[in-house]
1. Residues of segment 28-62 being over 18 Å from residue 7 (Cα atoms) and in contact (Cβ under 8 Å) with a residue 24 or more places away in the chain, which ones?
2. Can you name every residue in segment 65-88 that is assigned to a helix (DSSP H, G or I) and modelled with pLDDT under 65?
3. Of all residues in segment 542-587, count the ones that are within 21 Å of residue 610 (Cβ to Cβ), touching a strand residue (DSSP E or B) at 6+ places or on another chain (Cβ under 9 Å) and assigned to a loop (DSSP other than H, G, I, E, B).
4. Residue under question is residue 407, and the condition is that it be part of a strand (DSSP E or B) and within 20 Å of residue 280 (Cβ to Cβ); does it hold?
5. When you scan segment 263-274, do you find a residue that is modelled with pLDDT of 75 or more and touching a helix residue (DSSP H, G or I) at 6+ places or on another chain (Cβ under 9 Å), even just one?
6. Keeping to segment 300-330, report how many residues are without any contact (Cβ under 8 Å) to a residue 40 or more places away in the chain and either part of a helix (DSSP H, G or I) or touching a strand residue (DSSP E or B) at 6+ places or on another chain (Cβ under 6 Å) (or both).
7. Is it true that some residue in segment 309-316 is surrounded by 18 or more Cβ atoms within 10 Å (Cβ to Cβ) and closer than 18 Å to residue 432 by Cα?
8. For segment 437-451, check the following and say yes or no: at least one residue is assigned to a helix (DSSP H, G or I), closer than 30 Å to residue 297 by Cα, touching a strand residue (DSSP E or B) at 6+ places or on another chain (Cβ under 7 Å) and modelled with pLDDT of 75 or more.
């Protein structure tokens, strides 16, 4: 059998295999259907070439020419699907190629196809259309010259032209043989190249394609050698058949590990920078999996590692805010992006993150936007991605929740990240989501352990301290300090009574902190609670009434809250502010405002006192930590617990010598109060990993801000 006949038959089998492999790997799309039509045309063309070599020229040569005439129309349609042409020439060519290809195919299939002039016209038509389509694709205007995208289009266009010319030249009678077989091989390689482009939804670099071809070549040679060796060992037909089955089993067993190893070597050989980046991502994932349980530390490690890899000019991590109304910037390298993403300022991006929870690429969105001129949501989404400096955005998804996202950009390239690199970045995002979720669970476990210990101590304190305190106070009051003639003895008795009251107050606050949270949630006007609290303070000390300044939002919506517990919080904060500024007699400012973009209200308590040192800001919510000589260290811990269990946040900003401001944010809608329990929970082992779940874990205490007012 002549070489060109064998190559035609092999070409038909290879084309069918490539088409089938693509269709089996994913759900059908329009691009896949068009590619399949092209493959079917090429398979029939290969078979016609084979039958022509076996049975003679007529009628198989005419069938071969007719199928070849249909290939340009299918190629142009596929090109337009892969890269929507933005110029008029491309659309005109596409509209003209369909009827022209049909006319030429009909003429070639008819008896006229035996005429040399018709055969020449068919060959010239095929070559001319492919060359024009290649030129139009490169001059489309939607990509700039010198970019990676333009270079990849050039590879695709030049490849199409070269393959077409080889196939046409190989069909000449004078050159049949090796040249024809080379044309068939070129067609097979180009079909494989197109399949890889479609499978990855992007154009390939030439070195990337060469690397993949080398992998296939090495695997083919190795498997051919194994098969030949096993078959040659058979002494009869049955033995050879058995050895062939064994060879197939060996090949199937070795295929995946060999392919992965060869792909790694090819990447290292042809794309050293990408190989180093993949190693960086793997090392980063291992670091995140071992002992990193703090989202802030995790964000810093990820951002610094990715930026220092020199594969990104912009890197940023956004994490979900405690109330879940937006994503705040936690760490970044490169130019500073938008500080916050929410539903009001970036609705398209917010909706896409919440609904899709999948990676977003500006390149793909731009390509879809070009294909559909009315794709306004895509344009808004692209603008939002640019505002957070993202060529690729990877959400930190855990179950049905999105806990944050990673934004990366390399402004030196239009398409900086390959499919394999994006897959590795997705693993980083999955690990980050696990770290964030684990940190929330760990913090909740620590809080429960602390409450369990305090609850056990409180039960004993209530019995062991309060009973003796009652007896001491009763005895002191029975002696009546006012009735004593000796002033010194009277003063001592009053000290006993005062200190007994103070100790009883400490025990009461201790019990309040340890007691499981219970609240009666009702529609509450925070402004009214503030005014009632001010009157209570004024009743205790008339001078305090003149030191309380209100700046209230009259349009403040009501919230679902326990007014008595809010009054306790405001009273505690106001007393702290009045005490901090008692030396100067400066006022304290109580401010409220509506924050519609976060679906919450904001309450601020600001004093002009001595301020809190920065090193103490991280500890002010820790039970029994206090900077006052007469303080218990439980007031702010109780305040934080009340606010957190209302679904809100409480933070402090302070500057020495200027004053301190407490910022409370409370959600407008609160369905149910969250109940804290004092049940004992075993501590988590260091480095333990808790898989994400869909079970809500309640509010998580936050660390107050260290920034000055």
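The values are calculated or read from the model by the stated rules, or taken from the named source; none is laboratory data. Owing to the predicted nature of the structure, the values given are computational and were not obtained by experimental measurement. Don't worry about glycine lacking a Cβ; one is built from the backbone with ideal geometry, like all the others, and counts go over all protein chains shown.
1. 30, 31, 32, 34, 35, 37, 38, 58, 62, listed by residue number.
2. Hit for segment 65-88 is 88, nothing else.
3. 4
4. yes
5. no
6. Final tally of qualifying residues: 9.
7. For segment 309-316, residues surrounded by 18 or more Cβ atoms within 10 Å (Cβ to Cβ) and closer than 18 Å to residue 432 by Cα: present.
8. There is at least one residue in segment 437-451 that is assigned to a helix (DSSP H, G or I), closer than 30 Å to residue 297 by Cα, touching a strand residue (DSSP E or B) at 6+ places or on another chain (Cβ under 7 Å) and modelled with pLDDT of 75 or more.
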